[in-house]
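Each reported figure results from applying straightforward, stated rules to the coordinates on display, with no laboratory input. Only a predicted model underlies this, so the values are computations on that prediction, with no experimental measurement involved. For neighbour counting, all protein chains shown are included, and Cβ atoms are generated from backbone atoms with ideal geometry for every residue, glycine included.
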Amino acid sequence: NAGVTQTPKFQVLKTGQSMTLQCAQDMNHEYMSWYRQDPGMGLRLIHYSVGAGITDQGEVPNGYNVSRSTTEDFPLRLLSAAPSQTSVYFCASSRGREPNTGELFFGEGSRLTVL
Amino acid sequence: SQQGEEDPQALSIQEGENATMNCSYKTSINNLQWYRQNSGRGLVHLILIRSNEREKHSGRLRVTLDTSKKSSSLLITASRAADTASYFCATPPRGGYQKVTFGTGTKLQVIP
């Protein structure tokens, strides 16, 4: 059981380039989300999804797009990378929508540097 | 805006001592969760306490929740060097559990 898998682990981009961070989970979780982690800022929610075809914005969605065509995959797209998007990105998933559940399972992170 | 805030930001203790970190939050919650992050790794879920619970134990972990003060504490007893990590609280807001937000974390160093 792989859990949550993120690729790539490391990426260097130039300003203005686009790329997609991949996230896949094999636990049949309905809920998936993307966070970015910056020093002194903790984790900030970018986008989340409660099921295939359903996405919504988190705290810091600008500059990022997501889609959820399958239960397993939740890619994060950077349309035109900026140095401010240099960060470590984490994908997380959880089982479902019920209250009082919601333990998040995290991937190992993708470290992105934008020059 | 971030819902939870941990305190202190950093904590350094000797192996065998107890470590206590606190979390304060702003709005009503369904539950409160604590996570650990080892350096360079993803977060790992430690324990969840429901809004109608006041205390919960798991091994060397003890979590308390005071909904009247909107605060929680995580106690790690008999700490080990392997407990060195950052600890975060997460607070899914009532009615909006999907937007799980985290605080800035407490960085714990356990000195052997």
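Structure summary
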| item | result |
| --- | --- |
| Per-peptide average of other Cβ atoms within 10 Å, ordering A:18-26, B:103-111 highest first | B:103-111, A:18-26 |
| Phi to ³J(HN,Hα) by Karplus 6.51 cos²θ - 1.76 cosθ + 1.60 over the stretch A:73-80, Hz, x for Gly, Pro | 10, 8, x, 10, 10, 9, 7, 8 |
| Candidates B:S68, B:S39, B:S12, ranked by Gaussian network fluctuation over chain B, Cα under 10 Å, top entry | B:S68 |
| Average beta-carbon neighbours from other chains, 10 Å sphere, peptide B:101-109 | 3 |
| Peptide ranges A:89-95, A:103-109 listed from the most packed, as the mean C-beta count within 10 angstrom indicates | A:89-95, A:103-109 |
| Charge dipole of chain A about the Cα centre (unit charges at C-beta), most positive-ward option of A:Q25, A:S93, A:L43 | A:L43 |
| Spacing of the two label points (7 Å from each Cα toward its C-beta) at A:D38 and A:T7, in nm | 2.9 |
| Straight-distance crosslink candidates among aspartates and glutamates, where the alpha carbon sits under 15 Å from B:K56 and sequence neighbours closer than 8 are dropped | B:D66 |
| Potential extension, A:M19-A:N62 segment - 0.36 nm per residue separation minus Cα distance | 14.0 nm |
| Given charges at beta-carbon only (K, R positive; D, E negative), |dipole| of chain A in Debye | 380 |
| Karplus-derived HN-Hα couplings along the stretch A:41-55 (A = 6.51, B = -1.76, C = 1.60, θ = phi - 60°), whole Hz, x at Gly and Pro | 10, x, 9, 10, 6, 9, 9, 8, 9, 9, x, 4, x, 10, 9 |
| Beta bridges per DSSP with both ends in the protein assembly as shown, % antiparallel, nearest 5 | 90 |
| Choice from A:G40, A:G102, A:G16 showing the highest fluctuation, given a GNM over chain A with Cα pairs closer than 10 Å | A:G40 |
| Assigned charges on the beta-carbon of Lys, Arg, Asp, Glu; the protein assembly as shown dipole about Cα centre (debye) | 180 |
| Peptide A:33-41, shielding by other chains (average Cβ, 10 Å cutoff) | 3 |
| Average beta-carbon neighbours from other chains, 10 Å sphere, peptide B:20-31 | 1 |
| FRET efficiency, B:D66 to B:S39 (Cβ-Cβ, R0 41 Å, nearest 0.05) | 0.85 |
| Amide H partners (placed H, <5 Å) of A:L13, local residues excluded | A:T113, A:V114, A:L115 |
| Spin-label model distance (nm) - B:T20 vs A:E30, 7 Å beyond Cα toward Cβ | 3.9 |
| Fewest-first ranking of A:L115, B:L32, A:L78, B:L61, using other Cβ atoms within 10 Å as the exposure measure | A:L115, B:L61, A:L78, B:L32 |
| Simple label model, 7 Å out from Cα along Cβ direction - A:T113 to B:R50, nm | 4.8 |
| Dipole of the stretch B:5-112, positive end: most advanced residue of B:P92, B:S71, B:Y25 [Cβ charges, Cα centre] | B:P92 |
| Packing rank of B:20-28, B:46-54, where each peptide gets the mean count of other beta carbons within 10 Å, highest leading | B:20-28, B:46-54 |
